[in-house]
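Okay, structure first, notes after.
The values are calculated or read from the model by the stated rules, or taken from the named source; none is laboratory data. Note that this is a predicted model, so its numbers are computed, not measured. So basically every Cβ, Gly included, is an ideal-geometry build from the backbone, and we count neighbours across all protein chains shown.
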Amino acid sequence: MNENHTFNPICRALIIGASGGIGSALPKAINTAYGITDIVKISRSDDGLDITNEDSIKDIFKNLDGEFELIFVTTGALEINGVGPEKTILQMTPENLRAHFEINTLGPALLIKHLHKLLPKNRRGILTVLTARVGSIGDNNLGGWISYRTSKAAVHQIIRTSALEIKNKYKESICIALHPGTVKTSLTQKYVGKHPSVSPDQSAKNILNVINSLSQEDTGNFFDWAGNKVEW
Ligand SMILES: NC(=O)c1ccc[n+]([C@@H]2O[C@H](COP(=O)([O-])OP(=O)(O)OC[C@H]3O[C@@H](n4cnc5c(N)ncnc54)[C@H](OP(=O)(O)O)[C@@H]3O)[C@@H](O)[C@H]2O)c1
């Protein structure tokens, strides 16, 4: 990572999942950091986007044109259909595992498939997908949360594989997985407990600090909110 890299110019940003805790904090942080107002915000709540349905993605993305220097995928779920993270594999059900793969793996995979075409062809552009440190296999010393963890581990492979391909055509592009830290949002409300956590506004600033310091060779890697590389 290059700590002092200045990433310019930023003209346009696109946020998928802009209704979420972190997604909704990013526009203000982007505006403050880069002084831009051309920030396109898309979400299920406001636009009817269902990231698990490719027709829905195509339908909504057909209205997007031009290039975006910054693209963020901030969708995801920890508790689905009222089922929270498992404490043991005995609580794992086919339905819950499938549901996690739909939202946390298939959704971002479809988004990367369609979104990478909006990266600038001859300038730097960064596609950031929010994942989670608990999706790191090497870092897993606690167990539990098997469906969420596994769906995030799977999306890491999708990000890594896509980044290798994307850089062939979009030579100055950077595509990364990013763990935002523990952030006070509806996703963590029931689970944060006494764990140290930050506000969505602080998280958005942290995310921009990380992407500002990225270099071309960082593409296809996994970083945490402080800019440290996380093992897969
Ligand atoms: N918060 C944390 O501490 C934390 C920690 C580690 C990783 N992360 C990751 O960071 C990302 C953002 O987390 P957050 O805390 O901001 O979550 P959040 O507040 O719960 O927001 C989740 C977002 O995902 C969207 N979404 C879920 N399912 C969708 C679907 N099928 N189609 C379209 N949109 C869908 C929601 O849309 P609607 O609200 O419009 O329905 C919402 O915009 C997630 O990937 C999460 O796993 C968060």
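Summary of values
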read-out	value
Cross-chain or 6+ apart pairs with Cβ under 8 Å, the range 174-186 first and free of Cβ contacts under 8 Å to residues at least 60 places away in the same chain and on the phi > 0 side of the Ramachandran plot, then of a type in the set (D, E, K, R) and more than 6 Å from the ligand (Cβ to nearest atom)	Gly181/Asp224
Residue within the range 82-101 that is among the hydrophobic types (A, V, I, L, M, F, W, C), within 13 Å of the ligand (Cβ to nearest atom) and farther than 21 Å from Thr182 by Cβ present	yes
Selection status of Ser215, out of contact with any Pro (no Cβ under 6 Å at 6 or more places or on another chain) and free of Cβ contacts under 8 Å to residues at least 40 places away in the same chain	no
For Lys62: the one exception among (1) more than 10 Å from the ligand (Cβ to nearest atom); (2) under 23 Å from Pro180 (Cβ atoms); (3) not polar (S, T, N, Q)	(2)
Any chance Phe68 is away from the ligand (no atom under 16 Å from the Cβ), surrounded by 15 or more Cβ atoms within 10 Å (Cβ to Cβ) and within 16 Å of the chain's Cα centre (by Cα)	yes
Unique residue being on the phi > 0 side of the Ramachandran plot and not basic (Lys, Arg) when the list is Gly66, Gly21, Gly107	Gly66
Some residue of the range 217-229 being within 13 Å of the chain's Cα centre (by Cα), within 11 Å of the ligand (Cβ to nearest atom) and either among the acidic types (Asp, Glu) or in a loop (DSSP other than H, G, I, E, B) (or both)	yes
Among (1) touching a strand residue (DSSP E or B) at 6+ places or on another chain (Cβ under 8 Å); (2) in a loop (DSSP other than H, G, I, E, B) - the single one Thr52 does not satisfy	(1)
Every pair of residues 6+ apart whose Cβ atoms lie under 7 Å, when the first sits in the range 1-30 and is modelled with pLDDT of 95 or more while the second is among the aromatic types (Phe, Trp, Tyr) and in a loop (DSSP other than H, G, I, E, B)	Arg12/Phe68; Ala13/Phe68; Leu14/Phe68
Any hit, the range 16-38, residues being of a type in the set (A, V, I, L, M, F, W, C), within 15 Å of His114 (Cα to Cα) and near the ligand (Cβ under 8 Å from one of its atoms)	yes
The range 46-59, subset of a type in the set (A, V, I, L, M) and within 8 Å of the ligand (Cβ to nearest atom), residue surrounded by the fewest Cβ atoms within 10 Å (Cβ to Cβ)	Leu49
Where Ser151 falls short, out of the listed (1) over 18 Å from Ile71 (Cβ atoms); (2) away from the ligand (no atom under 16 Å from the Cβ)	(2)
